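The values are calculated or read from the model by the stated rules, or taken from the named source; none is laboratory data. Everything numeric in this text was worked out from a predicted model, so none of it was measured. All Cβ positions, even for glycine, are placed from backbone atoms using ideal geometry, and neighbour counts span all protein chains on display.
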Amino acid sequence: MADYDRRSLLFPLFMAAIHITDIEAAINHWREKTPSPDGVTLGPELRALAEVYALMIFHHEDEVDEVGFPPKAWAAWMAWYESTPDTPCIAICSTSQGDDECKGCGRSFDEVQFWPAMTPVEKRATWRRITMEDSAWRFNRYAERAREAEAPPQWPDDPAEPLGPDDTP
């Protein structure tokens, strides 16, 4: 059986939905990235996400289906998604040792195996679940590994601060 067929059998009832906290995070991302020039005007990405957020609040919904998501809001959400860490992995995978759930990141065996094939919305739903459970080592024992994995890389030949006149080679 092909991987895709097996995956559809494993996640048959899973509805890919975006949680309101992800909409809020995307809004905050765009507020920081493109602040309002006058304190009132919203940029197009922020306006598109704000419309989705307002409808969710009005209808008392905490999730919105990705199907039918407005195209401009989807593009803004995807741009935010691309700025988030790709995987919760902290390089301590206990599923390779037979565990049904990874002690390091909290994902199930199937989530680890099919992660590359999962959609961004499915990945965010997994991130939300493991964050809410707060039991994986990435949230306690090895939290520093998670912080290191999420920090931008610092290369030895690319100093954080520019070289001063005394530091020229």
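Under the condition of being among the β-branched types (Val, Ile, Thr), touching a residue at least 40 places away in the same chain (Cβ under 8 Å) and crowded, with 18+ Cβ neighbours inside 10 Å, which residue from region 95-130 is farthest from ILE18 (Cα to Cα)? Explain how you work it out, then say what you get.
Residues of region 95-130 among the β-branched types (Val, Ile, Thr): 95, 112, 119, 121, 126, 130.
Adding the requirement that they be touching a residue at least 40 places away in the same chain (Cβ under 8 Å) leaves 119, 121, 130.
Now restrict to residues that are crowded, with 18+ Cβ neighbours inside 10 Å: 121, 130.
Details: VAL121: 6, ILE130: 15 Å.
Among them, the one singled out is ILE130.
With (1) more than 17 Å from the chain's Cα centre (by Cα); (2) modelled with pLDDT of 85 or more as the list, and ASN140 as the residue in question, which single condition is left unmet?
Failed condition: (2).
Against the definition (touching a helix residue (DSSP H, G or I) at 6+ places or on another chain (Cβ under 9 Å) and either farther than 19 Å from MET132 by Cα or surrounded by 13 or more Cβ atoms within 10 Å (Cβ to Cβ) (or both)), how does GLU32 come out, yes or no? I'd like the intermediate steps shown before the answer.
Numbers: touching a helix residue (DSSP H, G or I) at 6+ places or on another chain (Cβ under 9 Å): no; either farther than 19 Å from MET132 by Cα or surrounded by 13 or more Cβ atoms within 10 Å (Cβ to Cβ) (or both): yes.
No: the conditions fail for GLU32.
Take region 38-56 and flag every residue that is exposed (fewer than 12 other Cβ atoms within 10 Å of the Cβ) and either under 18 Å from ASP22 (Cβ atoms) or in contact (Cβ under 8 Å) with a residue 12 or more places away in the chain (or both).
Residues of region 38-56 exposed (fewer than 12 other Cβ atoms within 10 Å of the Cβ): 38-41, 54.
Hit for region 38-56 is ALA54, nothing else.
Taking into account only those residues within region 57-75 that are small (Gly, Ala, Ser) and in contact (Cβ under 8 Å) with a residue 24 or more places away in the chain, which is nearest to ILE27 (Cα to Cα)?
ALA73
Going by the conditions given, is PRO71 farther than 25 Å from MET132 by Cβ, loosely packed, with under 13 Cβ neighbours inside 10 Å and at pLDDT 95 or above?
Working: farther than 25 Å from MET132 by Cβ: yes; loosely packed, with under 13 Cβ neighbours inside 10 Å: yes; at pLDDT 95 or above: yes.
Here the answer is yes, as PRO71 does meet what is asked.
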